[in-house]
Amino acid sequence: MDETILVSKELVKNNFPKRNPDSNKGTFGRSVVIGGSAKFVGAPQFANCSSIAILSALGKASMRVGAGTSTICVPAFLADKLYSFTLYSGICSLKTDGANILYDEKQIDELIISSSSFAIGMGMDNGDAKSIVERILNKGSQNIVIDADALNTTKDIKDYMRRCILTPHIKEFSRLTGLSVEDIKKDPIPCAKRYAKQKNCIVLLKGTPNTYITDGNVVYLNTTGNVSLAKGGSGDVLSGIIVGLLAWGMEPIKAAYTGAYILGRCAEVSNVNEYSSLPEDIIAQIPNVLDEVMA
């Protein structure tokens, strides 16, 4: 049986190099979150808030001002709604049919030129994630987090070029693979490895208490987290954390297991009880967890 590597504080710490004091916001890349629809309006904001904190990668919440290197891309009709409470992020209006994001080659090419990483799918409903992902894969070199609704619309892509991190929970993974939930639960590691190898991607299979991360060869097991994460928006925060790590240059497999560790640890150290916890409570703990990791 292949070795499964437990994700630990020590393992994660090695992924955070010391930063050059001459750095500026451009040094650490620009993350782009693409999501939102008439049906779901909150998810892109959650994802971007967490990517901001990781891009800053400092131990204080005030350093989320690193948000100058992140952009939320939403359907045009949502942009005005975001301006009033988005303090640090750029906001980009995407072409829409009135409900969902439509693919516009010129818009996506402009994002490719100016961006370091992408997270796609949060609250996107039936938006054209497939065309967007294919364009980034073929035209750009960025790594991509594929989550939520984009998992369904991009599942026919045959080769993710080792640049995509798919973040399904078990039911979503069942839809992707055609396997039953029971079969996946019974043997999650071989199922995840096969799919990662078949699609040439990284699979982050979310579960409780265990999350499995694999590129089809190596398997990482993350055990941080608790029932506080059983709330809508937690997965969006995870995507934001990972896209922030990717933006400043962490390689995809490391960004995937590091993001899973940080999200789970944020839930563990939160002082908000498991009944009342919301995604923003998890985001608020990112600086504390980074302090802990880098101590």
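What follows is calculated from the coordinates using simple rules that are stated; it is not laboratory data. All figures in this text were calculated on a predicted structure; none of them were measured in a lab. Note that we place each Cβ from the backbone using ideal geometry, even for glycine, and neighbour counts take in every protein chain shown.
Please give me the summed charge of the neighbours of Ile113: other residues whose Cβ is under 15 Å from its Cβ, Lys and Arg +1, Asp and Glu -1. Let's see the in-between values first.
Values: positive: Arg30, Lys106, Arg135, Lys139; negative: Asp104, Glu105, Asp109, Glu110.
Value of the local net charge: 0.
Write down the percent of antiparallel bridges among all DSSP beta bridges whose residues are both part of the chain, to the nearest 5.
Numbers: 8 of 34 bridges.
Within the chain, antiparallel bridges account for around 25 percent of the total.
Rg to Rh ratio, segment 128-266, alpha-carbon atoms and Kirkwood radius? Provide the component values of the computation, followed by the final result.
Numbers: Rg = 13.8 Å, Rh = 14.8 Å.
My calculation of the ratio gives 0.93.
Across the chain, what fraction of all alpha-carbon pairs, as a whole percent, falls in each successive 10 Å bin from zero upward?
Bins of 10 Å from zero give 7, 31, 38, 21, 3, 0 percent of pairs.
In debye, nearest 20, what is the charge dipole magnitude of the chain about its Cα centre with +1 on Lys and Arg Cβ and -1 on Asp and Glu Cβ, if you could check?
The calculated dipole for the chain is roughly 360 debye.
Kindly provide the helix-only [θ] at 222 nm of the chain, computed as the sum of -39,500 (n - 2.57) over DSSP H runs of four or more divided by all residues, to the nearest 500 deg cm²/dmol? The partial results should precede the final answer.
Numbers: 13 runs with 125 residues, N = 295.
My calculation for the chain gives -12500 deg cm²/dmol from helical runs alone.
Please report, largest first and rounded to whole Å, the three semi-axes of the ellipsoid equivalent to segment 199-295, where each semi-axis is the square root of five times an eigenvalue of the C-alpha gyration tensor.
Details: eigenvalues 97, 45, 26 Å².
Listed largest to smallest, the semi-axes of segment 199-295 are 22, 15, 12 Å.
Just to be sure I understand the rule: take each whole DSSP H helix in the chain, project its Cα atoms onto its long axis, keep it if the span is 24 Å or more and its mean Kyte-Doolittle hydropathy is at least -0.5. Which ones pass?
Details: long enough: 252-269 (25 Å, 0.51).
Helix filter hits for the chain: 252-269.
How about Lys155: which aspartates and glutamates have a C-alpha closer than 18 Å to its C-alpha, ignoring those fewer than 8 places off in the same chain?
Filter leaves Asp125, Asp128, Glu134, Asp147, Glu172, Asp215.
Would you mind counting up the charge near Leu263? Only other residues with Cβ under 13 Å from its Cβ, with Lys and Arg at +1 and Asp and Glu at -1. Intermediate values should be presented prior to the final figure.
Numbers: positive: Lys206, Lys231, Arg265; negative: Asp147, Asp236, Glu268, Asp281.
Local charge sum for Leu263: -1.
Which pairs, out of Lys139/Lys199; Lys39/Lys193; Lys231/Lys254; Lys171/Lys199; Lys9/Lys171, put more than 23 Å between their alpha-carbon atoms? Could the numbers behind the result be given before it?
Values: Lys139/Lys199 19 Å; Lys39/Lys193 33 Å; Lys231/Lys254 25 Å; Lys171/Lys199 18 Å; Lys9/Lys171 29 Å.
Table pairs above 23 Å Cα-Cα are Lys39/Lys193; Lys231/Lys254; Lys9/Lys171.
For Pro279, what charge total do you get from the other residues with a beta carbon under 14 Å from its beta carbon, if Lys and Arg give +1 and Asp and Glu give -1?
-4
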